[in-house]
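Undergrad: I have a structure here, written as structure tokens, and I will follow up with some questions on it.
The values are calculated or read from the model by the stated rules, or taken from the named source; none is laboratory data. Everything numeric here is computed off the predicted structure, so don't read it as measured data. Positions of Cβ are backbone-derived with ideal geometry, glycine not excepted, and every protein chain shown enters the neighbour counts.
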Amino acid sequence: MSISVNNTQNVNLNTQLPQSSKVDFRASSTHTLPNDTVEISTKKKKTLLTIGGIITAVTVAIYGVKKFQVKNIKNIQRAFQESFMRDDITVEETRKILKRYKEIEKIKDDKEYAKALFKEAKKNFGLEQSNIELVFKDVKNANGSCSRTNREIKITPNCSRSHMLDTIHHEFRHAKQHNAIYNLYPEEYLGVRAIVDSYAEKMMDKNIKLEDINIEELWAKALKEFKEKGIDLTNKKNKARMEFYKEPLEKSFVKETVPDKYKEWAEKCKDGARNYVSQDKNFVDCWNNFTEVDARFAGRKMSKYIKSKAFTPSDWASDIYMKIRTFFAHKENT
Ligand SMILES: [Zn+2]
């Protein structure tokens, strides 16, 4: 009957103790038969509840993950159209693009993976004719950068694989911004490029090394100067510079008609470039610059739809952190 009580105790119980003591003893024991029955049925209930709970949780999780992963193809189509700024992408094309990205995700070698992504993004952004190149080179405080002339996209060699997809599309979105501005205002772009060159030359005359020159700030300065004064073409040097840069720009940019719906966006990009401050000087302003907000949105959107996982926790964390920083930065200014 009893499991834990030994034989001698059993004998004692049955032969020597009065009935009431027996009952008392049984009541205080945890191993008596009636209690065991109650315990087993409670255990069964608990087990059933646990199994039920697990099944429900797994079902909900699978449903959730599926719903999250297998996004309506129309949503993906819209994401591609918005990120690549190409309304011509059909559902059929969306499927093909998605399939190609899934194949690229299988590439094990990180550099080969980056190269394949670069090639794919270049095509999808409609920049296949551009001679823009992928360069693995350290970028200060960032995973990548795109030169204003679309000559090259730099990727920091130790950019983590999980950020590669986002980074390459982020940088290509910058390339698309530059391309649109160039197509809307080719003369201005050439003029600004010439002014940048004159600034850089002056700085190098002062023995400042080219790699120490903040090119983004030079562009911002040149854009402002162009807006205020234009470019003096009676100046022979300026004229020569414009001649010199015409051909390279025509090779790195792709001729395209900027759709009406993107003209306002291109204007905002131009303003963004004009007001650009390097992140070393003002991290908050840089983070909130239109060109950065726009590129970040495109890069993350691609990550979300291709990898079927939305923003990574670190992205969320940095967003919240920057919102707080922006809030306090504004408070300080007012
Ligand atoms: Zn950027």
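Undergrad: Within segment 136-172, restricting attention to residues that are under 26 Å from residue 248 (Cβ atoms) and acidic (Asp, Glu), which residue is surrounded by the fewest Cβ atoms within 10 Å (Cβ to Cβ)?
TA: 138
Undergrad: Would a scan of segment 242-260 turn up a residue that is among the small types (Gly, Ala, Ser), away from the ligand (no atom under 16 Å from the Cβ), part of a helix (DSSP H, G or I) and crowded, with 19+ Cβ neighbours inside 10 Å? Steps first, please.
TA: Start the filter on segment 242-260 by keeping residues that are among the small types (Gly, Ala, Ser), which leaves 252.
When the remaining residues are screened for being away from the ligand (no atom under 16 Å from the Cβ), the result is 252.
Now drop any that are not part of a helix (DSSP H, G or I), which leaves 252.
With the extra rule that they be crowded, with 19+ Cβ neighbours inside 10 Å, the set shrinks to 252.
Scanning segment 242-260 turns up at least one residue that is among the small types (Gly, Ala, Ser), away from the ligand (no atom under 16 Å from the Cβ), part of a helix (DSSP H, G or I) and crowded, with 19+ Cβ neighbours inside 10 Å.
Undergrad: Please find, among 105, 133, 128, the residue that is under 18 Å from residue 170 (Cβ atoms), loosely packed, with under 15 Cβ neighbours inside 10 Å and modelled with pLDDT of 95 or more.
TA: Matching residue, one of 105, 133, 128: 133.
The rows are residues; the columns are (1) in contact (Cβ under 8 Å) with a residue 24 or more places away in the chain; (2) over 23 Å from residue 255 (Cα atoms).
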| site | (1), (2) |
| --- | --- |
| 180 | yes, no |
| 193 | yes, no |
| 205 | no, yes |
| 213 | no, yes |
| 224 | yes, yes |
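Undergrad: Continuing with the same structure: Suppose we keep only residues that are of a type in the set (Lys, Arg) and modelled with pLDDT of 95 or more within segment 160-192. Which one would you say is farthest from the ligand (Cβ to nearest atom)?
TA: Pass one, segment 160-192, residues of a type in the set (Lys, Arg): 161, 173, 176.
After this cut, where a residue has to be modelled with pLDDT of 95 or more as well, the list is 173, 176.
Working: 173: 8, 176: 12 Å.
Filtering segment 160-192 for residues that are of a type in the set (Lys, Arg) and modelled with pLDDT of 95 or more, the one farthest from the ligand (Cβ to nearest atom) comes out as 176.
Undergrad: If the Cβ limit is 7 Å and pairs must be 6+ apart or interchain, which residue in segment 305-330 that is modelled with pLDDT under 70 pairs with which residue that is hydroxyl-bearing (Ser, Thr, Tyr) and loosely packed, with under 15 Cβ neighbours inside 10 Å?
TA: Every condition considered, the pairs that remain are 312/162.
Undergrad: Taking segment 178-189, which residues are more than 21 Å from residue 140 (Cβ to Cβ) and surrounded by 19 or more Cβ atoms within 10 Å (Cβ to Cβ)? Before you say what the answer is, go through the steps one by one.
TA: So the first thing to find is which residues in segment 178-189 are more than 21 Å from residue 140 (Cβ to Cβ), and the list is 179-189.
Hits for segment 178-189 are 179, 180, 181, 182, 189.
Undergrad: Residue check, residue 233 against (1) surrounded by fewer than 13 Cβ atoms within 10 Å (Cβ to Cβ); (2) under 28 Å from the mean Cα position of the chain (by Cα); (3) not in a helix (DSSP H, G or I), all met but one. Which one?
TA: The one condition residue 233 does not meet is (2).
Undergrad: Here is a further query. Kindly indicate whether any position in segment 286-303 is away from the ligand (no atom under 15 Å from the Cβ) and either modelled with pLDDT of 95 or more or not hydroxyl-bearing (Ser, Thr, Tyr) (or both).
TA: no
Undergrad: Quick one: is residue 282 away from the ligand (no atom under 14 Å from the Cβ), touching a residue at least 12 places away in the same chain (Cβ under 8 Å) and surrounded by fewer than 19 Cβ atoms within 10 Å (Cβ to Cβ)? Before the answer, list the steps.
TA: Details: away from the ligand (no atom under 14 Å from the Cβ): yes; touching a residue at least 12 places away in the same chain (Cβ under 8 Å): no; surrounded by fewer than 19 Cβ atoms within 10 Å (Cβ to Cβ): yes.
Taking the combined requirement at face value, the residue does not satisfy it.
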